[in-house]
Structure formats: C-alpha cells, structure tokens
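**Student:** What follows is a single structure, and I will ask about it in a moment.
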Amino acid sequence: MAKEKKSPGLLEQLRVPSGPVDLSKYDTRATPGFTGTKDEGKVALESLGAEVSDWQERLYAEGLKDGHRSVLLVLQGMDTSGKGGVIRHGAGLMDPQGLKITSFKAPTPAEKRRGFLWRIRQALPGPGMIGIFDRSHYEDVLIARVRDLVAPPVWNRRYGQINDFESELAANGVMLLKCFLHISPEEQKLRLQARLDDSTKHWKYNPGDVDERKLWPAYTEAYEAALERCNSPEAPWLVIPSDRKWYRNWAVTTILLETLKTLDPQWPTADFDVATEKGRLAAT
C-alpha cells in the first residue's frame, strides 16, 4: 500500500525559493494553507493560543536550565503592512516574560559609529526567548539603498555581512524566521486613508508615508534584492500575503508554532529528588 504523502507545512508553502525574486508574482490577497472565511480565520488564530503558549513555555523553561536555543522573528514590510498587528495579535497569545520585542527606528549618531549590526546584536533574544524585530538589520539594505543614505558599494557589501551574521546566529542556536509582509500599494492607500478618517488613529499616521509611497518601485526592487541575496537554508525568507490582516496574523502565528514544534523543546528534568521533596513538603 502506497504511503500517503504528507502535505507541506505553511512555512514550506510560504518559503521563498532560491534564485531571482519577482514580487509581482506573489498575490497579496492570497491565503495559502487556509480555505476558510475571515471570521473563521480569526477563530483559527485564537485556537492556536493554548498550543503556541505551551510550546513557548517549554522553550523558556529549557533556556532557564542551560538550554541555548532561541527564536528570532524578523518582520519587514512597507508602511501599514502590519508589523505591529502581528505583534499585537500573534505575540499577544504568548507569555510576555518569554518575549523580547524590539522596534528599530532610525539609528542614532552613536549607533551609526558602531556599525549597522551593533544595535541588532544588543537586541538578540537570550536562551529560551522568542525575539521579535519590528524592522531590522534589513533597513540598512532597504531605506539606506532607496534613500541613498550610504554609497552603493557600502550597501552592496552589507548583503554578505548579513549572511555571515545570520549564519553565525544559526550556528549559535538562534532559529531565524524572516517574514516579508507583502501588501499592495492599493491596500496601503486604503489603510492610510482609514488612519486619516479616524481621529483615534491619527497618532499612527506619518505624513512621510505619502512621500515613501512615491518610491514604491524602488522599494520593491530593494526588497527583491534582499529576498534573493539573503535567502540561505538556515535563514530563509517567507513572503506573507498581507492585504488580508486576519490571514497575515494567522499565518505568522502558525509559522511560529510550526517552528517551535520542530525545535521540540523538552521540559527540564528535576535537579532534586522529587520523592524526598514530597516528603519534606508533607511534613510542613
């Protein structure tokens, strides 16, 4: 009897294949791995909570008992693509004490003097932790390239430096998940308009986002280069269709759960005699 072929996990479905990358071939409204409705997607996300929290706790406990492994979730995408939404809805299902969330803004003069990877290293998750980067070291081959913040030879060298850095992380027990939250310019326009129409969302609106929209083709080219040139087996890129917010949140959380289950952290064994401690406790 033929053995039933196991369907690939979501991580495998969304993984960017090696070779040239053409983002126009990726449907920003697609829902790979999920066939339900928006409401069903929201329910599916909530249903992941107990399981992803349990696996996160296992990883955290392992880290407290001499474990060395951790997970780093890198979120990149155009403005309004939903980096904050993923953190709020996906990471919100987990225990905050096991999370390290870092939002990278423009580097300070002091950070610039130390090299572009210095501040990234300071924010890496420790053993047992899940680190989440809202933007990352990739800004230095994205906005730095598009806005001519450094000369072309400088940002060109950074692809190799990033690959070496990520290879080092993987060798030291850091599981990298790099997610490009892929939205269309039409969807971004709707989201920016929604922020302008709602006074409770004005704090989220940045007039500079309209200026960045004019550079959409240049940013697309920069992202395609980053996804192609920094897509190693130990640190692959994933393209997350993100025009549908509910799918984006479910997909990233599902990928994180798949990764934790692959790591398979185990509950640490007691470093004391359990029977003796039970007796001592009963005697109190």
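The values are calculated or read from the model by the stated rules, or taken from the named source; none is laboratory data. Bear in mind that the values here come from a model prediction, so they are computed numbers and not experimental data. As a convention, Cβ positions derive from the backbone with ideal geometry for all residues, glycine included, and neighbour counts pool all protein chains shown. In case anyone asks, the SASA skips ligands and DNA or RNA and just uses the protein heavy atoms, side chains included. Shrake-Rupley method; radii C 1.70, N 1.55, O 1.52, S 1.80 Å.
**Student:** Test of understanding: among Thr254, Thr259, which residue is polar (S, T, N, Q) and open to solvent by less than 10 Å² (accessible area, probe 1.4 Å)?
**Tutor:** Among Thr254, Thr259, only Thr259 is polar (S, T, N, Q) and open to solvent by less than 10 Å² (accessible area, probe 1.4 Å).
**Student:** Being among the hydrophobic types (A, V, I, L, M, F, W, C), touching a helix residue (DSSP H, G or I) at 6+ places or on another chain (Cβ under 6 Å) and either without any contact (Cβ under 8 Å) to a residue 12 or more places away in the chain or assigned to a helix (DSSP H, G or I) (or both), is that true of even one residue in segment 84-107?
**Tutor:** Among the residues of segment 84-107, at least one is among the hydrophobic types (A, V, I, L, M, F, W, C), touching a helix residue (DSSP H, G or I) at 6+ places or on another chain (Cβ under 6 Å) and either without any contact (Cβ under 8 Å) to a residue 12 or more places away in the chain or assigned to a helix (DSSP H, G or I) (or both), which makes the answer yes.
**Student:** Follow-up. Could you tell me whether any residue of segment 185-197 is open to solvent by less than 60 Å² (accessible area, probe 1.4 Å), modelled with pLDDT of 95 or more and out of contact with any helix residue (DSSP H, G or I) (no Cβ under 8 Å at 6 or more places or on another chain)?
**Tutor:** Yes - at least one qualifying residue is present in segment 185-197.
**Student:** A follow-up question, please. Can you find even one residue in segment 191-211 that is closer than 30 Å to Trp55 by Cα and of a type outside the set (Asp, Glu)?
**Tutor:** No.
Listed here are the residues, each with its yes/no results for (1) touching a Leu at 6+ places or on another chain (Cβ under 6 Å); (2) of a type in the set (A, V, I, L, M); (3) open to solvent by 20 Å² or more (accessible area, probe 1.4 Å).
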| residue | (1), (2), (3) |
| --- | --- |
| Ser70 | no, no, no |
| Arg88 | no, no, yes |
| Met94 | no, yes, no |
| Lys100 | no, no, yes |
| Lys105 | no, no, yes |
| Ala110 | no, yes, yes |
| Arg113 | no, no, yes |
| Gly126 | no, no, yes |
| Ser136 | no, no, no |
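**Student:** To continue, here is another question. Out of curiosity, is Gly63 modelled with pLDDT of 95 or more, in a helix (DSSP H, G or I), open to solvent by less than 40 Å² (accessible area, probe 1.4 Å) and not basic (Lys, Arg)?
**Tutor:** yes
**Student:** Another question, then. Check segment 44-60 and report whether any residue there is open to solvent by 70 Å² or more (accessible area, probe 1.4 Å), part of a loop (DSSP other than H, G, I, E, B) and out of contact with any strand residue (DSSP E or B) (no Cβ under 8 Å at 6 or more places or on another chain).
**Tutor:** Checked against the condition, which is being open to solvent by 70 Å² or more (accessible area, probe 1.4 Å), part of a loop (DSSP other than H, G, I, E, B) and out of contact with any strand residue (DSSP E or B) (no Cβ under 8 Å at 6 or more places or on another chain), segment 44-60 yields no hits at all.
**Student:** From the list Ala235, Ala225, Ala171, Ala218, pick out the single residue that is of a type in the set (Gly, Ala, Ser), within 25 Å of Leu14 (Cα to Cα) and open to solvent by 70 Å² or more (accessible area, probe 1.4 Å).
**Tutor:** Within the list Ala235, Ala225, Ala171, Ala218, the selection yields Ala171.
**Student:** Among the residues of segment 72-83, is there at least one that is over 30 Å from Ala270 (Cβ atoms) and either more than 16 Å from the chain's Cα centre (by Cα) or open to solvent by 30 Å² or more (accessible area, probe 1.4 Å) (or both)?
**Tutor:** Within segment 72-83 (the criterion being over 30 Å from Ala270 (Cβ atoms) and either more than 16 Å from the chain's Cα centre (by Cα) or open to solvent by 30 Å² or more (accessible area, probe 1.4 Å) (or both)), the answer is yes, since at least one residue qualifies.
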